[in-house]
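Structure first, commentary second.
The values are calculated or read from the model by the stated rules, or taken from the named source; none is laboratory data. In this text the structure is predicted, and so the values were computed from the model without any measurement. Cβ coordinates were reconstructed from backbone atoms using ideal geometry, including for glycine residues, and neighbour counts include every protein chain displayed. For the accessible areas, the whole protein counts, side chains as well, though only heavy atoms, and no ligand, DNA or RNA atoms are used. Shrake-Rupley method; radii C 1.70, N 1.55, O 1.52, S 1.80 Å.
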Amino acid sequence: MGAWLTGGNIDLDFWRVRWFSFLAGMGSSNYTILRPEFIAEAESLRDGVTDPFLVDSPRGKAPTFKTCRNLLPEYKGYKGPADWLNDVKFGDFVQCATLTEQEPTAADPEDIYRTIARVLYAIPESEPVPDVLAWHAPVLFGAVWKAIQSGPVDINGKMVDFSIIFKSSGLKRPDDKTGWAGVSFEIAAAGVFGNVTELDAAPFWAVLMYLYKCKFEYMHDKSNKK
């Protein structure tokens with residue numbers, strides 16, 4: 001539908017109708033088939049729900065879904081994370097990051113998408129993951145993960161370049177293949193956040209700031225020794 005709107009095949013009002021109807025769980029149907037009182041209620045809510053998914057472009061409004069804002073903070077009773085995953089625990093972040101890294105070679109990527117949604121929206125194992133959340137949650141996580149790795153992020157008015165965490169320090173080390181699990185054990189060994197269980201329950205941004213601080217100090221000490 002996004003391509004249809006930007007390509008001029010449908011107008012903005014029709015896109016709003018379709019997207020609102022989809023988010024309301026109506027599948028391929030539009031809310032315009034409902035009784036007049038329900039149509040009126042949908043019309044009163046529609047723009048407020050669909051506006052966050054639109055950005056200005058040279059050709060007018062265009063849909064966007066790759067944003068660090070959570071455009072679906074709640075869906076069908078499932079509460080999702082805050083913007084920028086601000087309230088996500090480190091253990092949940094590590095699980096989603098690991099799944100994201102596995103996705104390109106996964107036999108069933110859909111299973112990974114649904115697991116990420118289950119983690120971020122705290123969906124019980126006994127309940128099915130709504131298709132909308134299986135699509136939205138990985139996109140949200142991917143947007144934040146990309147922002148963290150690609151450049152400075154505003155932390156309380158200060159720009160912090162978390163990307164240095166992932167850049168080579170010039171020291172060749174053998175890859176122990178432990179990935180994020182290995183990182184977790186190294187942080188837990190330092191005792192800053194407690195044991196592994198306590199670390200998993202810590203805010204992921206706090207842990208990321210600790211990793212940034214460690215890497216920054218290492219790089220500073222290394223440059224002073226030259």
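Assorted remarks:
- Volume per residue that the Cα convex hull of the chain spans, once the total is divided by residue count, Å³: 184 Å³
- Carbon/sulfur fraction of accessible area - region 1-88, other protein chains in place, 1.4 Å, %: 55 percent
- From the alpha carbon centroid of region 5-73 to that of region 84-104 is 28 Å.
- For a straight C-alpha distance cut-off of 15 angstrom, the aspartates and glutamates reachable from Lys66 (same-chain residues fewer than eight places away being disregarded) are Asp51, Asp56, Asp83.
- Taking the Cα centre of the chain as reference, the dipole from Cβ charges on Lys and Arg (+1) and Asp and Glu (-1) amounts to some 900 debye.
- Given Lys79/Lys213; Lys61/Lys89; Lys61/Lys146; Lys146/Lys215; Lys76/Lys158; Lys61/Lys215, the pairs whose alpha carbons are separated by over 30 Å: Lys79/Lys213; Lys61/Lys89; Lys76/Lys158; Lys61/Lys215
- For Val153, nonlocal amide neighbours, meaning residues 5 or more places apart or on other chains whose placed amide H falls under 5 Å from its own, are Val160, Asp161, Phe162.
- Other-chain or far-sequence residues with amide H under 5 Å of Thr64's (modelled H): Leu54, Val55
- Accessible area per residue in Å² at 1.4 Å probe, computed on the chain: 59 Å²
- Think of it as helices only: each DSSP H run of n ≥ 4 in the chain is worth -39500 (n - 2.57), and spread over all residues that comes to -16000 deg cm²/dmol at 222 nm.
- For the chain, the membrane-span-like helices by this rule, meaning whole DSSP H stretches whose C-alpha atoms cover at least 27 Å of axis and whose Kyte-Doolittle mean is 0.0 or above, are 131-150; this says nothing about an actual membrane.
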